[in-house]
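One structure is given here, and the rest of the page talks about it.
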Number of protein chains: 2
Amino acid sequence: MSQQVLKGNLLVAQGGGPTAVINQSMVGVVLEARRYAQVERIYGAVHGVEGIVNEEFMDLTRETVANLEAVAATPSSGLLSTRVKPTPEFCKKMFESMKAHNIRFFFYIGGNDSSDTVRIVNEEAQSQNYEFRAVHIPKTVDNDLVINDHTPGFGSAARYVASAFAGINYDNRALAGVYIGVIMGRHAGFLTGASALGRVFEEDGPHLIYFPERPFIIDNFLADVKNVYEKYGRCIVAVSEGIQDETGEAIVTKLQDNVERDAHGNVQLSGTGALGDLLVAEVKAKLGIGRVRADTLGYMQRSFLGCVSDTDQKEAREVAEKAVQFALIDNLDGSVVMERTGDYAVGYRLVDLKEVAAKTKHMPEEFMNAEGNNVTEAFIKYARPLIGSDFNPGAKLRAPMVEKILNK
Amino acid sequence: MSQQVLKGNLLVAQGGGPTAVINQSMVGVVLEARRYAQVERIYGAVHGVEGIVNEEFMDLTRETVANLEAVAATPSSGLLSTRVKPTPEFCKKMFESMKAHNIRFFFYIGGNDSSDTVRIVNEEAQSQNYEFRAVHIPKTVDNDLVINDHTPGFGSAARYVASAFAGINYDNRALAGVYIGVIMGRHAGFLTGASALGRVFEEDGPHLIYFPERPFIIDNFLADVKNVYEKYGRCIVAVSEGIQDETGEAIVTKLQDNVERDAHGNVQLSGTGALGDLLVAEVKAKLGIGRVRADTLGYMQRSFLGCVSDTDQKEAREVAEKAVQFALIDNLDGSVVMERTGDYAVGYRLVDLKEVAAKTKHMPEEFMNAEGNNVTEAFIKYARPLIGSDFNPGAKLRAPMVEKILNK
């Protein structure tokens, strides 16, 4: 494809929930695109697809490298984001705006909904015989995009969760009790599983891990907590915000009467401590344990400043560079996917947008134990490289005890 | 005091809530004590004062330097902790145990209650004419010890809170709404104030900060949120878990009916999302804003793995070394206090245990604005050095906007 004729402006945008490395991908597109003579201007849409319809484009041709690199190292979406899920009509408007601005290359960084948006916009361009290359760049802390071995954003969120639980394990040893940590992930338990990555010794928490992929039976949960508490005098539980019972009903709605729902009828799971508090009340009431505490890990999981996986940063940058190369060198549309090619190494390839669009990946069976209350070694092996280098789980004293004199 | 005659075993223990650097102080005692010939064995009491009464002493003489340094870099109390507040009778038992084990030097790392324990044990020794040196080493994430400019543990917790809110500011820009973050600190607002340390631009959050030292008037809070939301289209609030109304009633009890109380009759504030959820409900009901979210920052504030202030680490180590020097070289008892001697530098001196014991420091008036809804520049100047070096608040894009074609 050395006889490239397609020439014009390039647009990058970010959609959905932010991650700690989504700006690495945005900056990866901008800096890679600067190498190609056929790219005239590099625009960034503000607030994702909303900015495209409203013609809110930032001229990133006029950004400095130093500031781009500083933004790349900053969590959340530098171009701001949106939760709007475009209808085919909305996509048509997006395309009209892009056409008016002579956008010939479009890169959208987002999850499975975003890949579907790219697909529809691309079809609109084809139906109008408008020469146009569109590529979806993956990101999501939930790690739930199909085909991909994992997705940019997950590794840093997993590092946050692993660091939180490693610290909580030391805290809970010092002042014993039951601790319940509620973790993001409505449908996929990968991030909840990451709570296990800081464990060193057999007695280290989290001792119990519950996923949205397996039914959460309250009586089993209480029996599990009782067993662990009797064994260690303490118990740390990691639970996905999305846990549901055998019938698919969310536990948070099962345990209380009034719950908030969003426009799609989904129960609000993030930004509230309700599920943790309800589980605490159950443990106190049914097991009679005194010190029971819950934390909902909240938005820090995706945007805490300074907790980032270097592996995740590098991959988020690379996946964007590859996206630009597929469109600009190979003249292709699609979704870039990440494959694991070694232990540990990754490669990138382009797949048809339809293969990724609007599909959800779940935790494979072999990543969860039979009881559905912990991860397996296979999960640890899978996830550990993703949280990056220099992850130091800390140490404990190991000196011998002094012989007793008075109380022996 | 070159003619030192006091000779025997040394004991170190940790009390109260853990911090990210309390092990630096413990290890500081152990390594410094190894230099003195009159110290025979170095013991660590397991679970603080409980371990003393139960004779649960770890022989830290037999720890390696490599493992001690690894523990020093690990959050929470390596010797484990306790919430027991000793009575004079309990202190008598503690002293009997120490006497039986020929403990001649006692170092207790903790807050204001711990300093009171040291005082009582020391008086017991004096009344029995038992030669004994006892020194209190300060620690608390709340930063509420009197005389001290600040206390070890605060800087790292403040760095966590500053990092969380800096990240939340980027997140809340990307997907706008009202965000409420609830921060530890029952009586002192220092840690809540630290939420401001990541602000760079005037529009950066947190936009509103509420302290336990000022009455929290719900109508004023709602008016404040409304003002900020109208100005910026978003609003970030940092609120202390200990906020109370004009009469001293905790807001969390004012807004709900059933609240848990501890043995001392204190309302449980940590390990529950109740206050945040109640404030969210108020904002939604009274201001009609759609996207309102709350996080309770939880135990990560004091024990998150890998978020530590290097300044705090260094000082926690030094304050312990000084404690040993005061007892071993100068033959003195007391509480080590930290003074600010330069901008930025600290010094250490020993004060009488009575001066620190069971007293609480509050945010000075000049650290809070007149409205009681934000910190002042004086607070920023005070707190910024404490969170350590390499605190990088991130960056925003600053490219110009492209001229509109369709929607102008």
Residue check: is A:Ser163 in contact with an Asp or Glu (Cβ under 9 Å, 6 or more places away or on another chain), buried (at least 24 other Cβ atoms within 10 Å of the Cβ) and not aromatic (Phe, Trp, Tyr)?
no
Residue selected from the range A:272-291 under the condition at the interface with chain B (Cβ under 8 Å from one of its Cβ atoms) and over 20 Å from A:Ala194 (Cα atoms), by the criterion modelled with the lowest pLDDT:
A:Thr272
If you go through B:Gly48, B:Gly44, B:Gly15, the only one that is under 30 Å from B:Gly306 (Cβ atoms) and out of contact with any Gly (no Cβ under 6 Å at 6 or more places or on another chain) is B:Gly44
Is it fair to say A:Lys361 is out of contact with any strand residue (DSSP E or B) (no Cβ under 8 Å at 6 or more places or on another chain), crowded, with 20+ Cβ neighbours inside 10 Å and away from chain B (no Cβ under 14 Å)?
yes
Of the residues that make up the range B:186-196, is at least one assigned to a loop (DSSP other than H, G, I, E, B), closer than 19 Å to B:Leu278 by Cα, of a type in the set (A, V, I, L, M, F, W, C) and within 15 Å of the chain's Cα centre (by Cα)?
no
Looking at A:Phe304 and the list (1) within 30 Å of A:Glu246 (Cβ to Cβ); (2) in contact with a helix residue (DSSP H, G or I) (Cβ under 6 Å, 6 or more places away or on another chain), which single condition is not satisfied?
(1)
Does at least one position in the range B:307-328 carry a residue that is within 30 Å of A:Gln256 (Cβ to Cβ), at pLDDT 95 or above and not in a loop (DSSP other than H, G, I, E, B)?
no
Would you confirm, using the coordinates I've provided, whether A:Phe391 is at pLDDT 95 or above, within 18 Å of A:Ser195 (Cα to Cα), aromatic (Phe, Trp, Tyr) and not in a helix (DSSP H, G or I)?
yes
List the number of the failed condition for B:Arg349; all other conditions in (1) touching a His at 6+ places or on another chain (Cβ under 6 Å); (2) assigned to a strand (DSSP E or B) hold.
(1)
Cβ-Cβ under 8 Å pairs, at least 6 apart or on other chains, the range B:278-302 side assigned by TED's automatic domain parsing to the domain that holds B:Ala164, far side surrounded by 17 or more Cβ atoms within 10 Å (Cβ to Cβ) and among the acidic types (Asp, Glu):
B:Ala294/B:Asp277; B:Thr296/A:Asp295; B:Thr296/B:Glu241; B:Gly298/A:Asp295; B:Tyr299/A:Asp171; B:Tyr299/A:Asp295; B:Met300/A:Asp295; B:Arg302/A:Asp171
Between a residue in the range A:14-33 that is over 13 Å from B:Gly394 (Cβ atoms) and in contact (Cβ under 8 Å) with a residue 24 or more places away in the chain and any residue that is surrounded by 24 or more Cβ atoms within 10 Å (Cβ to Cβ) and among the aromatic types (Phe, Trp, Tyr), which pairs come within a Cβ distance under 6 Å, given they are 6 or more apart or on different chains?
A:Val29/A:Phe107
Could you list all residues from the range B:222-253 that are within 20 Å of A:Gly273 (Cβ to Cβ) and without any contact (Cβ under 8 Å) to a residue 24 or more places away in the chain?
B:Ala250, B:Thr253
Can you pull out the residues in the range B:207-232 that are touching a Lys or Arg at 6+ places or on another chain (Cβ under 8 Å) and part of a loop (DSSP other than H, G, I, E, B)?
B:Pro212
Can you tell me which residue among B:Ala383, B:Ala370, B:Ala345 is assigned by TED's automatic domain parsing to the domain that holds B:Ile243, without any contact (Cβ under 8 Å) to a residue 60 or more places away in the chain and not acidic (Asp, Glu)?
B:Ala370
Can you confirm whether the range A:185-193 contains a residue that is out of contact with any Ser or Thr (no Cβ under 8 Å at 6 or more places or on another chain), crowded, with 24+ Cβ neighbours inside 10 Å and at pLDDT 95 or above?
yes
Among the residues of the range A:295-327, count how many are crowded, with 24+ Cβ neighbours inside 10 Å and more than 14 Å from chain B (Cβ to nearest Cβ).
8
When B:Thr151 is evaluated against the numbered criteria (1) within 14 Å of chain A (Cβ to nearest Cβ); (2) of a type in the set (S, T, N, Q); (3) under 30 Å from B:Asn369 (Cβ atoms), which criterion, by number, is the only one it fails?
(1)
Output the residues belonging to the range A:240-271 that are under 21 Å from A:Ala194 (Cα atoms), within 14 Å of chain B (Cβ to nearest Cβ) and at pLDDT 70 or above.
A:Glu241
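Residues checked against (1) at positive phi; (2) more than 16 Å from the chain's Cα centre (by Cα); (3) not β-branched (Val, Ile, Thr):
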position: B:Leu275; (1), (2), (3): no, yes, yes
position: B:Val283; (1), (2), (3): no, yes, no
position: B:Gly288; (1), (2), (3): yes, yes, yes
position: B:Asp295; (1), (2), (3): no, yes, yes
position: B:Arg302; (1), (2), (3): no, no, yes
position: B:Ser309; (1), (2), (3): no, no, yes
position: B:Ala320; (1), (2), (3): no, yes, yes
position: B:Asn331; (1), (2), (3): yes, yes, yes
position: B:Arg340; (1), (2), (3): no, yes, yes
Can you give me the number of residues within the range A:127-184 that are in a strand (DSSP E or B) and among the β-branched types (Val, Ile, Thr)?
6
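The values are calculated or read from the model by the stated rules, or taken from the named source; none is laboratory data. For clarity, every value in this text was computed on a predicted model and none was experimentally measured. As a convention, Cβ positions derive from the backbone with ideal geometry for all residues, glycine included, and neighbour counts pool all protein chains shown.
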